[in-house]
Structure formats: structure tokens, C-alpha cells
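Notes to accompany the following structure.
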Amino acid sequence: MHEFSIVQSLLRTIGRYAAEHSATEVSKVIVRVGPLSGVVPHLLRTAFDTFKEGTVAEKAELCIKEEAMRLHCDDCGRDSGVSSPMFRCQHCGSLRVKACNGDELILERLEMECP
Amino acid sequence: MCQECGCSPDTTRKLLDVRRKVLEDNDVWAERNREMLRGYGVLGINLMSSPGSGKTTLIERTIDALRGRCRIGVIEGDLETDRDARRIRQRGVPVRQITTGQACHLDAFMLHEAMHNLPLDRIDLLFVENVGNLVCPAAYDLGTGMNVVLLSTTEGDDKPAKYPLVFRRSELMVITKSDLLQGVDFDPRLAVQEARAVNPLIQVIVLSSRTGEGIGEWIEYIERGAKS
Ligand SMILES: Nc1nc2c(ncn2[C@@H]2O[C@H](COP(=O)(O)OP(=O)(O)OP(=O)(O)O)[C@@H](O)[C@H]2O)c(=O)[nH]1
Ligand SMILES: [Mg+2]
Ligand SMILES: [Zn+2]
Ligand SMILES: [Zn+2]
């Protein structure tokens with residue numbers, strides 16, 4: 001469970017941008033989480049709601065943009081979604097597949113209240 | 001903010017496109033570590049795996065195999081105890097312990113501090129044993145030249161699909177405890193295939209620290225890395 005340390009980094013970054021823009025409050029935080037990032041969105045949310053208290057993002061809503069995991073098949077050339085922890089083409093059963101998604105963990109956007 | 005509807009008449013809403021990595025702070029320290037290691041000509045090797053996959057045992061084996069050929073230093077990440085560090089110290093190589101307490105991974109800043117307490121000018125190879133955990137360590141770049149994931153035959157061949165990040169961020173997957181392959185349903189082919197789904201370039205070595213199978217190949221691999 002490293003979502004707590006991730007959120008601490010996130011709040012530090014938010015604090016920096018808020019100060020730069022003299023924001024009185026951050027109202028929305030938009031984060032993009034790739035399906036290979038190892039981050040569990042609901043844990044991220046719990047951690048955020050725990051640690052935001054007393055910071056400039058205290059009232060902020062956390063918006064997590066996550067893509068569904070997809071695989072491309074090298075044998076039949078088609079894409080499939082992944083639900084179980086098994087990297088296998090849903091169309092032809094091949095194991096010769098590549099992940100289409102990434103492992104990014106990005107702070108995309110902030111909505112701030114500025115004087 | 002007004003009491004009636006919560007609007008903020010005296011402020012304006014500003015939208016800021018940030019588009020930065022959330023763990024940017026860590027990456028700054030990782031870059032410093034990379035430069036520091038490069039400056040001293042040290043190859044850093046970050047070993048990541050679940051608890052008990054054989055990280056410490058492999059380091060011990062490697063120290064024995066490279067004695068007289070290569071000067072090794074070790075940094076041990078551990079939640080609570082210094083047992084692993086003591087095991088390494090018995091082998092007579094410089095070792096530093098990072099006790100992470102609550103944190104389930106090492107980050108680049110922790111490693112940086114530990115590196116300052118090692119004689120880097122008298123080391124060729126720096127092993128970093130990360131905290132036993134297949135999830136969190138992978139998110140933190142340490143700035144080591146090499147990331148290696150260990151997967152033991154007793155923990156199941158489905159781990160690359162369940163914990164893809166660590167396989168994506170490692171250049172080498174070491175399948176450990178090959179001496180136990182007979183007794184378990186571990187299909188190395190499946191593990192490799194699923195690891196390559198997220199990291200097509202990942203290299204693979206199958207070895208046993210107990211019997212010594214594959215250890216020669218491992219030693220060659222890291223010696224090649226140390227020279228380049
Ligand atoms: N049969 C067999 N056992 C091994 C091998 N390598 C390690 N072990 C055993 O596996 C257990 C765990 O090994 P460690 O080297 O302590 O594992 P670790 O990854 O350092 O564990 P943590 O630091 O707790 O995460 C020990 O009992 C080792 O003796 C191997 O190649 N074959
Ligand atoms: Mg150990
Ligand atoms: Zn964790
Ligand atoms: Zn297919």
C-alpha cells in the first residue's frame with residue numbers, strides 16, 4: 001500500500017502550485033492513472049480524503065481518470081479487454097499479446113479559487 | 001464564500017493544466033543518485049520481489065562468486081529488522097541498513113542518504129535490496145543502473161499478470177529457486193510470456209542459489225552491466 005506516500009507527494013505538489021497562484025482553495029484535482037501503474041484508485045481516494053485535511057486542498061474533489069486495460073494480439077491482430085489477471089487474447093486465446101496501456105501517474109489539472 | 005449557496009464572489013476559479021508526474025519529487029532524487037553512481041563508476045542494482053523470494057540469499061551467493069574480482073557494497077531496505085544487513089555483514093562487505101518502518105518501499109531520497117554512508121570510491125557494484133513487496137517498490141525510481149525483479153518458483157507463475165508494474169520497470173526477471181520446480185506448478189514459459197506482454201524487452205535468467213544452477217549466467221549478466 002503505497003497510495004499514502006503517493007498522496008503525500010501529490011499534496012506537496014498541489015501546495016506548491018496553489019502557493020504560486022496565491023490560491024485560497026483548491027476545488028478539484030484531476031489525476032490520470034494508467035492501468036499498469038499499480039495504483040488502486042479507491043485506495044488513492046481514501047488516502048487523499050484522509051490526508052487533504054488541513055491543506056489547501058481540504059475541500060477538493062479528487063477526479064481519477066482511469067483507462068480500462070487492453071491487450072493487442074500479435075497473432076490475430078485484434079484487441080481485447082482484460083478482466084482477470086491473465087494476459088491472453090479473448091478472440092483466439094493466444095498468449096502473444098502486448099499491453100496497449102501505460103503505467104503513468106499524472107497530475108493533469110487543478111481547479112483553484114484565486115483572489 | 002457566501003453563506004447562501006457556497007459561491008465565492010470574491011474569488012475567481014482558475015484552471016491550471018499541470019501535466020506533471022505525481023512522483024516528480026522522487027524522480028529528482030533518482031536523477032541525483034544516477035549522477036552520483038555514474039561519477040563513482042558504480043553499477044547500482046535494485047532487487048525487487050515479494051518477501052522471501054531469495055534476494056538476500058542471491059546477494060550472498062554473488063558476493064562469494066565475485067570475491068577478489070569485484071568490490072561489492074550493499075544497502076538493505078527492511079521494514080523493521082536488521083537481520084538481512086547482519087547476514088551480509090558477516091560476508092565482510094560494506095553494508096548500510098534503511099529501516100523503512102511504515103513505508104513498504106524504498107524511495108530515491110532514502111537511498112541517497114544511505115549512499116552517503118558507504119565508501120562509494122571503493123565499490124564497483126552496489127546491491128540495493130528493496131523491501132519485500134511486489135507492488136510499491138516498482139513505483140519509485142531509485143536511480144540505480146539496473147532494476148531486477150525476482151520471482152520464485154514457489155509463488156506462482158501468474159504474478160506478472162497480477163503485478164505488472166514491477167515487470168515493466170525491470171530489465172531482468174530472475175526466476176529463483178529453480179531447484180523447487182519439480183514440486184510446484186510453475187510454468188516458466190507462462191511467467192515469461194506474461195512479463196513480456198508488459199515489457200517486450202525483459203531478459204530472463206532461471207537460477208537456484210541452492211544448487212548454483214544459472215548462477216554463472218547471472219554473474220556474467222551483471223559483470224557485463226558493470227563494464228558498460
Ligand atoms: N530451495 C531454495 N531455497 C532458497 C533459494 N534461495 C533462497 N531460498 C530460501 O528462501 C528463504 C528466503 O530467502 P531470502 O534470501 O531471505 O529471501 P528475501 O527475498 O531476501 O526475503 P525478504 O528480505 O524477507 O523479502 C530462505 O529460507 C532461503 O534459504 C533457492 O535457490 N532454493
Ligand atoms: Mg532479504
Ligand atoms: Zn505498499
Ligand atoms: Zn488473438
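Candidates are the residues of region A:74-115 that are small (Gly, Ala, Ser) and either surrounded by 14 or more Cβ atoms within 10 Å (Cβ to Cβ) or not in a strand (DSSP E or B) (or both); the one that is farthest from ligand 3 (Cβ to nearest atom) is A:Gly77. Here B:Leu47 meets the list (1) touching a residue at least 24 places away in the same chain (Cβ under 8 Å); (2) assigned to a strand (DSSP E or B); (3) surrounded by fewer than 16 Cβ atoms within 10 Å (Cβ to Cβ); (4) not hydroxyl-bearing (Ser, Thr, Tyr) almost entirely, failing just condition (3). Pairs under 6 Å by beta carbon, first residue closer than 13 Å to B:Ile63 by Cα in region B:77-91, partner away from ligand 3 (no atom under 16 Å from the Cβ) and among the aliphatic types (A, V, I, L, M), six or more apart or different chains? Short answer, once both residue conditions are applied: B:Ile88/B:Val74; B:Ile88/B:Val95; B:Arg89/B:Val95; B:Arg91/B:Ile63.
Report whether or not A:Lys65 is away from ligand 4 (no atom under 16 Å from the Cβ) and basic (Lys, Arg). Criteria met by A:Lys65. Residues of region A:89-115 that are acidic (Asp, Glu) and at the interface with another protein chain (Cβ under 7 Å from one of its Cβ atoms): A:Asp103, A:Glu108, A:Glu111, A:Glu113. Here A:Thr46 passes the criteria (1) polar (S, T, N, Q); (2) within 11 Å of chain B (Cβ to nearest Cβ); (3) within 16 Å of ligand 3 (Cβ to nearest atom) except the one numbered (2). In region A:52-66, is there at least one residue being buried (at least 18 other Cβ atoms within 10 Å of the Cβ) and either within 16 Å of ligand 3 (Cβ to nearest atom) or facing another protein chain (nearest Cβ under 9 Å) (or both)? No: region A:52-66 contains no residue that is buried (at least 18 other Cβ atoms within 10 Å of the Cβ) and either within 16 Å of ligand 3 (Cβ to nearest atom) or facing another protein chain (nearest Cβ under 9 Å) (or both).
For region B:189-213, the set of residues classified as assigned to a loop (DSSP other than H, G, I, E, B) and under 20 Å from the mean Cα position of the chain (by Cα) consists of B:Asn199, B:Pro200, B:Leu201, B:Ile202, B:Leu207, B:Ser208, B:Ser209, listed by residue number. Taking every residue in region B:149-168 that is more than 12 Å from B:Leu134 (Cβ to Cβ) and pairing it with any residue that is among the acidic types (Asp, Glu) and more than 16 Å from ligand 4 (Cβ to nearest atom), at least 6 positions away or on another chain, the pairs with Cβ-Cβ distances below 9 Å are B:Thr153/B:Asp179; B:Asp157/B:Asp185; B:Asp157/B:Asp187; B:Arg168/A:Asp103.
Only one of the listed residues (B:Asp10, B:Asp25, B:Asp17) is within 13 Å of chain A (Cβ to nearest Cβ) and in a loop (DSSP other than H, G, I, E, B). That residue is B:Asp10.
One line per residue, one yes/no per condition, for (1) at pLDDT 95 or above; (2) more than 19 Å from the chain's Cα centre (by Cα); (3) within 16 Å of ligand 4 (Cβ to nearest atom):
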| residue | (1), (2), (3) |
| --- | --- |
| A:Ile30 | yes, no, no |
| A:Leu36 | no, no, no |
| A:Pro41 | no, no, no |
| A:Arg45 | yes, no, no |
| A:Ala60 | yes, no, no |
| A:Arg70 | no, no, yes |
| A:Gly102 | no, no, no |
| A:Glu111 | yes, no, no |
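Of everything in region A:69-88 that is farther than 17 Å from B:Val192 by Cβ and hydrophobic (A, V, I, L, M, F, W, C), the residue that is farthest from the other protein chains (Cβ to nearest Cβ) is A:Cys76.
The values are calculated or read from the model by the stated rules, or taken from the named source; none is laboratory data. Since the structure is predicted, the reported quantities are computational estimates derived from the model, not experimental observations. Counting neighbours? That spans all protein chains shown, and the Cβs are built from the backbone with ideal geometry, glycine included.
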